[in-house]
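Worksheet for the structure shown next.
The values are calculated or read from the model by the stated rules, or taken from the named source; none is laboratory data. This one's a predicted model, so the numbers in the text were calculated from it and none came from an experiment. Neighbour counts are summed over all protein chains in view; Cβ atoms, including those assigned to glycine, are modelled from backbone coordinates with ideal geometry. Keep in mind that these areas ignore ligands, DNA and RNA; they rest on the heavy atoms of the full protein, side chains included. Shrake-Rupley method; radii C 1.70, N 1.55, O 1.52, S 1.80 Å.
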Amino acid sequence: MKRTIRIMVVSATMLLGVTSAQAQFGNLLGGIKKAKETVEKVNKKRNGDIEFTRGGNQAGVFRTRTGEFILNQTHPDGDLKGKKVVFKVEENGDVKYDDGRKIGEVHGDGTVAFHGEQNYLSLQKDGSVVMDGEKVAFIDDDGRVFIYDVLIGRATGLDKQYAALLYLGIYHNKETLAKTKVELAEVKRKQEAEAKRQQEFAAQRKAEAAKNPSRSSGNSNGSTQQKVREYTIEKGSARGYVDENGVVYNWGHRKLGQLPKGSSGDITDDVGHKIGSVWSGDIKDAYGNLLCHVSSGGSISVKGSTATVAEVKAAGRVDMSKDSKTIGYCNCNNYVWTAAIIFCNLFRF
């Protein structure tokens, strides 16, 4: 009996020791993670890193300490294979690629030499960007960059001339801008038609609310809620909306589900059940199976390959790479949301 008691006491002591060790190990891991995050924040502050986005996704940083644009994309081959693509602006205004070649110049008068043209673009005092006498873009004081009046990215805190260099020189050239202009003209036509339909639908809802005032959402102090901005979804004959909070609706404004507001999180249906998730550009189904990966530039690849199978283009247009067939639109300025809605079809449009 005494032997049995001693065994139980020893076993309990061993178990308590294991539990204590596990707790200590967990605390150690948590401390290491917190220390790493602190170091990263300190380094970012020391380097003066300014993040910039494309299509709602973080695409890289501008390191003010060194004058470098460090893109998230990497070199696919060559001596720099696997390393991040870097463009550097020297103190004298020379722009160099990370292989050492001079590829442009930033001038004090607001002009930028790039793609072999001495006056490739010119930044105006009001934030407008001019090419060949035509206004092609606008950069506001909050760092938002609009190309042909469409928001394509943000670089809060970055010098506007550098932002023009980044978005219109590094990420674009005159040929791609010309194609974008044509694409956006068609998108604008569709948006105007869509806006007209929305006005008619809003008028209809207003008339219905007037007939049934008990369903109106006014509160006792008479204040009104700020209207949430909505973006249209178009896929085949189906139509819908996604608002700036990630809520997805059908054409009749019935809620279909919710996308994560940040860069990662769960995707849920209309009653809150998980139907997928997003993590670092990976879109998965409810069971954790990878549906696709979306790069910071809008390229879509699928499991087992890094090849681009589709791409989110200007104004949220999604084209298949094989035949350039357009499968839908979602002009929400977020590549991952657009891919989840149009390419992955998680909301059954």
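Residue-wise test of (1) on the phi > 0 side of the Ramachandran plot; (2) among the polar types (S, T, N, Q).
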residue	(1), (2)
GLY297	no, no
ILE300	no, no
GLY304	yes, no
GLY316	yes, no
ASP319	no, no
LYS325	no, no
ASN333	yes, yes
ASN345	yes, yes
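Pull up segment 98-118, narrow it to residues that are exposed (fewer than 14 other Cβ atoms within 10 Å of the Cβ) and in a strand (DSSP E or B), then point me to the one that is farthest from the chain's Cα centre (by Cα). Ranking the qualifying residues of segment 98-118, first place goes to GLN118. Can you tell me which residues in segment 273-292 are open to solvent by 50 Å² or more (accessible area, probe 1.4 Å) and out of contact with any Ser or Thr (no Cβ under 6 Å at 6 or more places or on another chain)? Matches in segment 273-292: HIS273, SER280, TYR287, ASN289, LEU290, LEU291.
Quick grid of which residues meet (1) closer than 19 Å to ASN333 by Cβ; (2) modelled with pLDDT of 80 or more; (3) of a type in the set (S, T, N, Q); (4) not in a loop (DSSP other than H, G, I, E, B):
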site	(1), (2), (3), (4)
GLU192	yes, no, no, yes
ARG197	no, no, no, yes
ALA203	no, no, no, yes
GLY222	no, no, no, no
VAL242	yes, yes, no, yes
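Applying the condition of being out of contact with any Gly (no Cβ under 8 Å at 6 or more places or on another chain) and β-branched (Val, Ile, Thr) to segment 293-312 and asking which residue is most open to solvent (accessible area, probe 1.4 Å) yields THR306.
Any residue that is modelled with pLDDT under 60, open to solvent by 90 Å² or more (accessible area, probe 1.4 Å) and among the polar types (S, T, N, Q) - is there at least one of those in segment 35-53? No, there is no match, as no residue in segment 35-53 is modelled with pLDDT under 60, open to solvent by 90 Å² or more (accessible area, probe 1.4 Å) and among the polar types (S, T, N, Q).
Residues in segment 118-138 that are under 30 Å from GLY78 (Cα atoms) and touching a residue at least 40 places away in the same chain (Cβ under 8 Å): TYR120 only.
State whether one or more residues within segment 145-153 are surrounded by fewer than 19 Cβ atoms within 10 Å (Cβ to Cβ) and over 18 Å from GLU183 (Cα atoms).
So in segment 145-153, the residues surrounded by fewer than 19 Cβ atoms within 10 Å (Cβ to Cβ) come out as 146, 149, 151.
Next cut, over 18 Å from GLU183 (Cα atoms) only: none.
There is no residue in segment 145-153 that is surrounded by fewer than 19 Cβ atoms within 10 Å (Cβ to Cβ) and over 18 Å from GLU183 (Cα atoms).
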